[in-house]
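The values are calculated or read from the model by the stated rules, or taken from the named source; none is laboratory data. Quick caveat, the model's predicted, so the values are computed rather than measured. Every residue, glycine as well, gets a Cβ built from its backbone with ideal geometry; the counts of neighbours run over all protein chains shown.
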Number of protein chains: 2
Amino acid sequence: MNIDALFSLNCGMYIISSGYNGKHNGMIINALVQVTAFPNQIIASVNKESLTLEYIEKSGLFNITVLDKDAPLQLIGLFGFQTGKKIDKFSKTQFISGKNGIPIVTEHTVSYVETKVVSKLDAGTHVLFLGEVLESEFLTQEEPMTYNYYRDVKGGKVPRTAATFHPEEADKVEIERHRCTVCGYIYDSRYGDPDSGIDCGILFKDLPEDWVCPICGAGKDKFVKI
Amino acid sequence: MNIDALFSLNCGMYIISSGYNGKHNGMIINALVQVTAFPNQIIASVNKESLTLEYIEKSGLFNITVLDKDAPLQLIGLFGFQTGKKIDKFSKTQFISGKNGIPIVTEHTVSYVETKVVSKLDAGTHVLFLGEVLESEFLTQEEPMTYNYYRDVKGGKVPRTAATFHPEEADKVEIERHRCTVCGYIYDSRYGDPDSGIDCGILFKDLPEDWVCPICGAGKDKFVKI
């Protein structure tokens with residue numbers, strides 16, 4: 001058994017959003033796929049601990065933002081590593097309201113899909129929501145970001161609650177790298193942090209003192225050498 | 001509404017296989033994604049008209065082959081456009097038997113996943129099977145084929161029973177192209193048919209008389225100019 005083989009299952013990088021009674025929230029997911037064409041239906045896997053799930057359960061609605069290849073780690077970190085129980089994520093990003101009343105993130109957005117829930121399936125740690133497509137549009141012709149690109153090229157990490165979390169991945173140790181103890185992001189001097197203007201080749205000790213983790217915003221003192 | 005926006009949802013190219021009582025079958029799917037990590041579970045959307053679905057229902061088992069980027073249209077055509085009700089697909093390809101007794105195609109295979117069904121959901125035209133991962137392994141380090149690559153680079157078509165079928169796609173008309181009236185494959189002289197040794201730039205009228213549709217095997221006389 002080599003569970004890393006599951007990485008060869010293709011998936012994308014999406015923000016799923018929902019809302020109820022004037023409140024709204026969104027989070028990063030990659031466990032999403034179109035499952036029928038007549039009518040068009042998609043299925044999304046949402047962690048039971050998430051606030052977004054509460055809103056989907058109550059409203060029966062969710063929308064999807066398809067992130068483009070250049071979406072910065074900060075945007076992914078905002079929706080992937082911070083909780084809507086503490087901050088209003090939509091106050092920190094651009095969005096529009098869908099025809100179904102649910103917000104849709106429009107920063108680095110290739111396209112979006114609006115849905116209503118028609119069925120669901122309990123999958124243990126996650127609930128799978130079957131959503132019928134009410135609306136779908138392109139916003140740009142940019143290339144969508146794949147999960148593999150996020151992980152391999154941008155050096156992104158996934159939280160423990162993600163459908164695609166691999167414990168082995170988090171335990172890999174390489175020299176000359178520093179890991180954020182808050183979210184698990186690894187600063188690798190070979191790649192730098194282009195989204196924050198840090199070139200490849202910059203050593204961790206040479207980063208500006210006000211540099212923060214591009215994903216969760218933690219300071220340099222929260223990093224440990226690995 | 002622009003349903004082509006659903007093409008920006010990322011998906012791969014897989015063969016799903018199952019069997020029961022000494023019989024077995026497999027088919028191409030792209031509606032597949034990992035949905036939980038503890039335990040590892042994947043969900044697959046299978047058309048209700050398919051023989052593979054019958055075997056999954058009876059055995060409670062299915063396996064997945066992750067196709068590599070160079071998988072030829074002939075292999076995709078065998079599993080995607082021909083029915084196991086008429087031919088034994090596995091007699092025409094290389095395969096191994098999984099630990100769960102279900103065959104796994106090993107031609108142009110990056111990796112495979114063996115599962116047992118733990119739950120299912122009716123999605124109208126398709127049934128969604130939630131499978132717990134029993135085994136997963138890499139066979140090569142080749143790059144997995146994405147559905148977009150199959151469609152855009154290899155010129156592949158999808159049958160009407162596919163989860164990602166788009167009627168508009170089939171109706172698009174471009175000059176200097178010929179469509180197979182059996183399966184819908186389009187021969188485009190700009191691209192040729194590299195999997196059959198036909199270079200780009202070869203006009204349809206100049207194809208060898210024994211050339212056949214790379215997907216369904218139909219002869220030149222089954223093609224119409226579009």
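Summary table
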| quantity | calculated |
| --- | --- |
| Those residues of segment B:35-81 which are outside any strand (DSSP E or B), polar (S, T, N, Q) and within 25 Å of B:L130 (Cα to Cα), in sequence order | B:S50, B:T52, B:S59 |
| A:V158 being in contact with a Gly (Cβ under 8 Å, 6 or more places away or on another chain) and away from chain B (no Cβ under 11 Å) | no |
| A:T161 being closer than 25 Å to A:N10 by Cα, at pLDDT below 90 and in contact with a Ser or Thr (Cβ under 8 Å, 6 or more places away or on another chain) | yes |
| Condition check for B:V118: in contact with a strand residue (DSSP E or B) (Cβ under 8 Å, 6 or more places away or on another chain) and either assigned to a helix (DSSP H, G or I) or at the interface with chain A (Cβ under 10 Å from one of its Cβ atoms) (or both) | yes |
| Hey, B:V35 of a type in the set (A, V, I, L, M) and more than 15 Å from the chain's Cα centre (by Cα) or not | yes |
| Search result, residues across segment B:1-27 that are closer than 13 Å to B:I102 by Cα, buried (at least 24 other Cβ atoms within 10 Å of the Cβ) and not β-branched (V, I, T) | B:S17, B:S18, B:G19, B:N25, B:G26 |
| Pairs where the first residue, in segment A:80-109, is closer than 22 Å to A:Y150 by Cβ and the second is aromatic (F, W, Y) and outside any loop (DSSP other than H, G, I, E, B), C-beta under 7 Å, 6+ apart | A:K89/A:F79; A:I104/A:F95; A:I104/A:Y112; A:V105/A:F95; A:T106/A:F95 |
| Selection within segment A:28-51 - surrounded by fewer than 23 Cβ atoms within 10 Å (Cβ to Cβ) and either closer than 20 Å to A:N100 by Cα or of a type in the set (V, I, T) (or both) | A:P39, A:N40, A:L51 |
| Condition broken by B:A163, with the remaining ones in (1) facing chain A (nearest Cβ under 10 Å); (2) out of contact with any Phe, Trp or Tyr (no Cβ under 8 Å at 6 or more places or on another chain); (3) among the small types (G, A, S); (4) without any contact (Cβ under 8 Å) to a residue 40 or more places away in the chain satisfied | (4) |
| Residue match in segment B:68-87 (condition: at pLDDT 95 or above, surrounded by 24 or more Cβ atoms within 10 Å (Cβ to Cβ) and farther than 26 Å from A:I64 by Cα) | no |
| Restricting segment A:1-34 to residues that are assigned to a loop (DSSP other than H, G, I, E, B) and in contact with a Leu (Cβ under 7 Å, 6 or more places away or on another chain), the residue that is farthest from A:L78 (Cα to Cα) | A:L9 |
| Counted residues, segment A:1-22 - those being in contact with a Phe, Trp or Tyr (Cβ under 8 Å, 6 or more places away or on another chain), within 14 Å of chain B (Cβ to nearest Cβ) and not hydrophobic (A, V, I, L, M, F, W, C) | 5 |
| Criterion (among the β-branched types (V, I, T), more than 15 Å from the chain's Cα centre (by Cα), surrounded by fewer than 23 Cβ atoms within 10 Å (Cβ to Cβ) and under 19 Å from B:E49 (Cα atoms)) met by exactly one of B:V118, B:V127, B:V133 | B:V127 |
